[in-house]
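Colleague: So that we are looking at the same thing, I have put the structure below in structure tokens.
The values are calculated or read from the model by the stated rules, or taken from the named source; none is laboratory data. In this text the structure is predicted, and so the values were computed from the model without any measurement. Cβ atoms come from the backbone with ideal geometry, glycine included; neighbour counts cover every protein chain shown. Side chains included, ligands, DNA and RNA excluded: accessible areas come from the protein's heavy atoms. Shrake-Rupley method; radii C 1.70, N 1.55, O 1.52, S 1.80 Å.
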Amino acid sequence: MAQVNYSEQLKDFEEHYQYDAGYLHEFLQHSPSGYEKFANFQPLSQHRETLDTDTYWIAKLASMQVADCGHCVQLNVRMALEAGVDRKWVAATLSGGSNLPEHLKDIYDFSTSVASYQLVDPVLRERINKALDKAQLIELGVCIATVAIYPTIKRALGYTVTCSLVEITV
């Protein structure tokens, strides 16, 4: 089995997304075996099989806003735009979700509630349960849960000390 060059992967990622992954380089340097486990986790954090693109990325962006206030949100904005999410939906998500269509506003509200460890409003829960099947709910839960690992590791290493303005550019 060929050995993966994680350092090269990180450099390619940084270049492609204009993102400083210094905290991940540090992770790799100081805990190579831990980083390898983290790298094996990453496909789960990117899993999308049953959700449509807009639902997935609105949920990811809404959840990321709960967990982070800058660079990770910016990275996910770039990824959402690259995936084809309309700029107006990205902008609406970053502005609190009020200008989203009803079904995406429900996804936004549901995602922020779950990511914030708040009880989901029963009326919203009912609408979400009608709109999504079990496989989609599971996928949505994975999407919401996995966004927090990145900013959490950054904060633990001292990389997140200030918030930054997020731009909707690629």
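Colleague: Filter the stretch 80-100 for residues that are touching an Asp or Glu at 6+ places or on another chain (Cβ under 7 Å) and either open to solvent by less than 20 Å² (accessible area, probe 1.4 Å) or of a type in the set (D, E, K, R) (or both); which is nearest to Tyr17 (Cα to Cα)?
Modeller: Top of the filtered list is Val85.
Colleague: Search the stretch 1-30 for residues that are without any contact (Cβ under 8 Å) to a residue 60 or more places away in the chain and pair each with any residue that is assigned to a loop (DSSP other than H, G, I, E, B) and not aromatic (Phe, Trp, Tyr) when their beta-carbon atoms are under 9 Å apart and the residues are at least 6 apart or on different chains.
Modeller: These pairs meet every condition: Leu10/Ala21; Lys11/Ala21; Phe13/Ala21; Glu14/Asp20; Glu14/Ala21.
Colleague: Let me ask you something else. Which of the residues that make up the stretch 11-33 are part of a helix (DSSP H, G or I) and touching a helix residue (DSSP H, G or I) at 6+ places or on another chain (Cβ under 7 Å)?
Modeller: Here is the first cut: in the stretch 11-33, the ones part of a helix (DSSP H, G or I) are 11-17, 22-30, 32-33.
Listed by number, the residues that qualify are Tyr17, Tyr23, Leu24, His25, Phe27, Leu28.
Colleague: Output the residues belonging to the stretch 13-50 that are of a type in the set (A, V, I, L, M) and open to solvent by 30 Å² or more (accessible area, probe 1.4 Å).
Modeller: Hits for the stretch 13-50 are Leu28, Leu44.
Colleague: Next question, about the same structure. Within the stretch 68-108, can you find the residues that are charged (D, E, K, R) and touching a residue at least 40 places away in the same chain (Cβ under 8 Å)?
Modeller: Selection gives Asp68, Arg78, Glu82, Arg87.
Colleague: Moving on to the next point. Run down Val85, Val73, Val77 and say which single residue is within 17 Å of the chain's Cα centre (by Cα) and outside any helix (DSSP H, G or I).
Modeller: Step by step, each of Val85, Val73, Val77 is checked, and only Val85 is within 17 Å of the chain's Cα centre (by Cα) and outside any helix (DSSP H, G or I).
Colleague: Tally up the residues in the stretch 106-151 that are assigned to a helix (DSSP H, G or I), over 28 Å from Leu24 (Cα atoms) and open to solvent by 70 Å² or more (accessible area, probe 1.4 Å), please.
Modeller: Matching residues across the stretch 106-151 total 9.
Colleague: For the stretch 140-147, state whether one or more residues are more than 23 Å from Tyr23 (Cβ to Cβ) and out of contact with any Asp or Glu (no Cβ under 9 Å at 6 or more places or on another chain). Step through it out loud before you land on a result.
Modeller: Filtering the stretch 140-147 for residues more than 23 Å from Tyr23 (Cβ to Cβ) gives 140-141.
Filter again for out of contact with any Asp or Glu (no Cβ under 9 Å at 6 or more places or on another chain), leaving 140-141.
There is at least one residue in the stretch 140-147 that is more than 23 Å from Tyr23 (Cβ to Cβ) and out of contact with any Asp or Glu (no Cβ under 9 Å at 6 or more places or on another chain).
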